[in-house]
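Asks: This is the structure I have questions about; it appears just below.
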Amino acid sequence: MLSKKLSFFLLLAPFVASAPAGSLEQRQGIDTSTHCGQWDTILAGQYTLFLDQWGKDNANSGQSCANFVSLSGTNVAWKNSWTWSGGNGVKSYTNVNLNANLNRQLSNVNRIPASWSWSQSTQGSIVSNVAYDLFTSSRSGGSNENEIMVWLANFNAGPISFNWGADGKPIPVASNLSIAGHSWNLYIGSNGANQVYSFLPTSGTVGNFNGDLNLFLRYLTQNQGLSTSQFLTTVQGGTEATSGTATITSSTFSVSIA
Ligand SMILES: *[C@@H]1O[C@H](CO)[C@@H](O)[C@H](O)[C@H]1NC(C)=O
């Protein structure tokens, strides 16, 4: 799934560089139609919306559909409706991917200002999250080595973790971390290919995030052994959907690397 995402990015990169600069032109020019194809991509400004239904074949039925609503400067509004039944794992990570200023070493990243306001409507019970997903590599544009997730919501799902309690719950390696205006528990595990660091809200959901994602990376380089020589290869935000039916509306979504 990852190599597919990256190859899309590499193909699209030259097109991004030549996109019109005027925000009015971009607003008029973006594709606001709804896409449902398993690997569909939609470009708007410095972002690509990836349908990324990588676990679709494990579902008995369902799909994820998404569209951009508007683009103004670096802010996009977008919508994702998904429904999945059957199978155990994640079916889709429909996400908005940042295409600009990637592949800096962590030591050369000053800030990753991010804003995300979203709301969700559901039918019945769901298993999903709402999360930023970042990847790092020891080479520029290289294959993923570390995955850093910042969950804004956990709906009956759970993080990857090395450590589990007798109660069947994952055990955080650090609790009540105060980062970017909210309190988080950090879990560390492996997805088989990458070390996975997951920050989950200590309680509740974060429906309005407005903060610097680099503070999470700084915490990891200063406290958890993540190397500052790693390159930041991917920055995305979206929903990992496993089962149920939901529509998530993001009225504000903006992220950039400075
Ligand atoms: C985290 O904060 C909660 C609520 O204040 C508290 O009950 C809990 O003991 C704290 N956990 C740790 C590991 O400090």
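The values are calculated or read from the model by the stated rules, or taken from the named source; none is laboratory data. Being a predicted model, the structure only gives us computed values, none of them experimental. All Cβ positions, glycine included, derive from the backbone under ideal geometry; neighbour counts span all protein chains shown.
Each row is one residue, and each column tells you yes or no for (1) among the aliphatic types (A, V, I, L, M); (2) within 16 Å of the ligand (Cβ to nearest atom); (3) within 18 Å of the chain's Cα centre (by Cα); (4) at pLDDT 95 or above.
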position	(1), (2), (3), (4)
138	no, no, no, yes
172	no, yes, no, yes
184	no, yes, yes, yes
211	no, no, yes, yes
242	no, no, yes, yes
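Asks: Suppose we filter the stretch 148-186 for residues that are among the β-branched types (Val, Ile, Thr), touching a strand residue (DSSP E or B) at 6+ places or on another chain (Cβ under 6 Å) and surrounded by fewer than 18 Cβ atoms within 10 Å (Cβ to Cβ); how many remain?
Replies: The total comes to 1.
Asks: Right, here's the next one. Condition first: touching a helix residue (DSSP H, G or I) at 6+ places or on another chain (Cβ under 8 Å) and more than 16 Å from the ligand (Cβ to nearest atom). Can you find one or more residues in the stretch 175-182 that meet it?
Replies: yes
Asks: May I pose another question? Just one of the numbered conditions (1) assigned to a loop (DSSP other than H, G, I, E, B); (2) within 16 Å of the ligand (Cβ to nearest atom); (3) not polar (S, T, N, Q) is not true of residue 226; which one?
Replies: Single failed check for residue 226: (2).
Asks: Tell me the residue from 166, 157, 193, 131 that is more than 16 Å from the ligand (Cβ to nearest atom), within 19 Å of residue 94 (Cα to Cα) and in a loop (DSSP other than H, G, I, E, B), please.
Replies: 157
Asks: If you don't mind, there's one more thing I want to ask. Just to be sure before I move on: is residue 189 more than 21 Å from residue 255 (Cβ to Cβ), loosely packed, with under 13 Cβ neighbours inside 10 Å and not polar (S, T, N, Q) in the structure I sent?
Replies: no
Asks: What do you reckon, is residue 223 surrounded by fewer than 21 Cβ atoms within 10 Å (Cβ to Cβ), over 17 Å from residue 149 (Cβ atoms) and touching a residue at least 12 places away in the same chain (Cβ under 8 Å)?
Replies: Against the criterion (surrounded by fewer than 21 Cβ atoms within 10 Å (Cβ to Cβ), over 17 Å from residue 149 (Cβ atoms) and touching a residue at least 12 places away in the same chain (Cβ under 8 Å)), residue 223 does not qualify.
Asks: Which residue, of 206, 150, is in a loop (DSSP other than H, G, I, E, B), closer than 21 Å to residue 256 by Cβ and among the aliphatic types (A, V, I, L, M)?
Replies: Exactly one residue qualifies, and that residue is 206.
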